[in-house]
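To keep things clear, I will list the structure first and then write my remarks on it.
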Amino acid sequence: MTAVGVGMLALSKATASVGYLPGIILLLVCAVVGWIMVYLLYRCRVMALHLGMEFVPAYEELGEAAFGKVGKTIVAICLHISLIGTSCVLILLLGQNSYHIYDGISVTWWVIIWTVILLPVNWLKTMREIGYVSSTIGVASIIVSVIGLSVAGFVQAADNNGDVDYEIGVPQPLTIIGAYTTFSFSYSVTCGTTTVVHDMRNPTHAPKVFFFAFATLVVVYAVVTCAAYLGWGQGLLCYDNVLDAMRKDVWGYISFVSIVVLCATHYAVLLHPSCRAIEVLAGLEDGSPRAEKWGKWPTLVATCCLRSLLVVITAVIAITVPNFSLLVDYLSAVTYTLVHLIFPPLFYMRLRYLMSRSYENKELAKAEGNFGSKRATMRSLSLIFLMLVALLGSALTLYKTVDPPATPEECSLLSL
C-alpha cells in the first residue's frame, strides 16, 4: 500500500521538483537501491538463522539478531511510527478526495466522518475480514487508480496547447539529493519483506520474486508519473498532489473514487499492528494476566478505547497538518529513511561481523568479515556510501519543509 498508493501520488510532484531527466534517473536508481535493501534483509535473515535464531518472522527479529533487545526495540518504534504516520496520510487522502467528490462540506469534516466510519473497523481483533476486503477490493482499486491517473494525465496532455512548462533538470544538485528520499519512499516495502520471506514456501526464491515486484513498480510508476508530468508539467509544484490538479471529469472522478476505496480498505490493515502493540504495552493482549483479571467485557472496552485513541490521533494529525506532501516529506526523511535505507546495510554489516567471529579458522573469519578482502571492502564502502547519501538526503528533505510551498494562485503565473 505504501509503495503503490501513497508513493504513486508522491512521485509526480517530486519529479516536477527536480526536472524530468533527474526524475527518470532517480526512479530507476531508487528502484535498484530498493531491491538491494530488500536483498540485504534477505541475507540478514539467512545469517540470523545461521547464528542460532530459531525463526525470523518479522523485521524486528533482524534488529534483535544484530543488536539485541535494543535493536529490536528501535526497529519496532520506527516501524510503528511509520505505520501510524502512513495511516495519517491515508485518512487525509480520504478527506481530500471525498471533498473532491462532494465539496458541500470541508475536508476537516470529511476527515471526521471517515474517522467515525473507521473506528469500529479498527476494533476487530483479527484482520481476516478486512484483510480479505483489502486483498480483493483494495487490489482492484489500485488497478483502477493506476488507469484513472494515467488516462487523466494523458488526456490533460492532449488538451494542452503548448502552454505547459517542462524542466529538463533543476540547477541545484542538493535539491536532487533531497528528492532521493522521496523517490526511495515510493519503494519502501522493507517493512514487510522479512515477514513475506518467512511465510514463503521456498524462501530462496525471494530475491527473484522481489526483483519482478520492483520491475513491476518501475513500470507502474513510470506510466503514472509520465502521464502526470506530461499533463501538468511544472504546474504540479503548485498542488499538494496530482489529484488536486485534476479536472472534475469522468477520469478525475474515477481517480478520486478509486483512491478513496484504496485508502479505506488499507487504513485498518496498516494500523492493525500498532493497535496490537498498544494492547501489549497496556498488558491487555489476549491471555495476559491483566486481561484475565479484568474479565472479557472490561478488557474489550479498554482495548477498543486504546484502538480508538490511535485512530483519533491519526485524524488529529491529518486535520492539523492537512498537507500530503509535507507528511510524506517528514515520513520519508525520518522513519522510512531509517527503516528502508539505514537499517538494512547496518544490520548486514553487523551480522557479517558476528558471522566472522563465529568461525574458528582465523583466515576464514577474516575473509567473511566486512573488510577481509578487496571485494568485501568495496562492498562495505559502497554500503557506507549509500547510508551517507540517505542521511544527507534526509537532512535536505527536512530543510526543504521550512520553505513554504507554492500556492494554487501561483499556478497562473506559469502560463504567462
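The values are calculated or read from the model by the stated rules, or taken from the named source; none is laboratory data. A quick note: this is a predicted structure, and the numbers were derived from the prediction, not measured. Cβ coordinates were reconstructed from backbone atoms using ideal geometry, including for glycine residues, and neighbour counts include every protein chain displayed.
Name the single residue, out of those in the range 80-128 being part of a helix (DSSP H, G or I) and among the hydroxyl-bearing types (Ser, Thr, Tyr), that is surrounded by the most Cβ atoms within 10 Å (Cβ to Cβ). Filtering first and then ranking leaves SER87. Considering the range 181-201, and only residues there that are among the polar types (S, T, N, Q) and part of a helix (DSSP H, G or I), the residue that is surrounded by the most Cβ atoms within 10 Å (Cβ to Cβ) turns out to be THR181. Selection of the range 234-248 for residues being more than 19 Å from the chain's Cα centre (by Cα), assigned to a helix (DSSP H, G or I) and not polar (S, T, N, Q) yields GLY235, LEU236, LEU237, CYS238, ASP244, ALA245. Checking LEU300, LEU310 one by one, the residue that is within 30 Å of LYS125 (Cβ to Cβ), of a type in the set (A, V, I, L, M, F, W, C) and crowded, with 17+ Cβ neighbours inside 10 Å is LEU310 and no other.
Screening the range 150-177 for residues that are among the polar types (S, T, N, Q) and either touching a strand residue (DSSP E or B) at 6+ places or on another chain (Cβ under 8 Å) or in contact (Cβ under 8 Å) with a residue 40 or more places away in the chain (or both) and picking the one that is surrounded by the fewest Cβ atoms within 10 Å (Cβ to Cβ) gives ASN160.
Restricted to the range 249-357, the set of helices (runs of 4 or more DSSP H) holding at least 1 residues that are modelled with pLDDT of 95 or more comprises 250-281, 296-320, 343-357.
Could you list, in sequence order, all residues of the range 32-55 that are surrounded by 21 or more Cβ atoms within 10 Å (Cβ to Cβ) and of a type in the set (Gly, Ala, Ser)? Passing the criteria: GLY34, ALA48. Scanning the range 210-269 for residues that are buried (at least 22 other Cβ atoms within 10 Å of the Cβ), among the β-branched types (Val, Ile, Thr) and more than 28 Å from VAL38 (Cβ to Cβ) gives a single hit, VAL260. Within the range 160-186, the set of residues being farther than 22 Å from GLY233 by Cβ and touching a Phe, Trp or Tyr at 6+ places or on another chain (Cβ under 7 Å) comprises just one member, PHE185.
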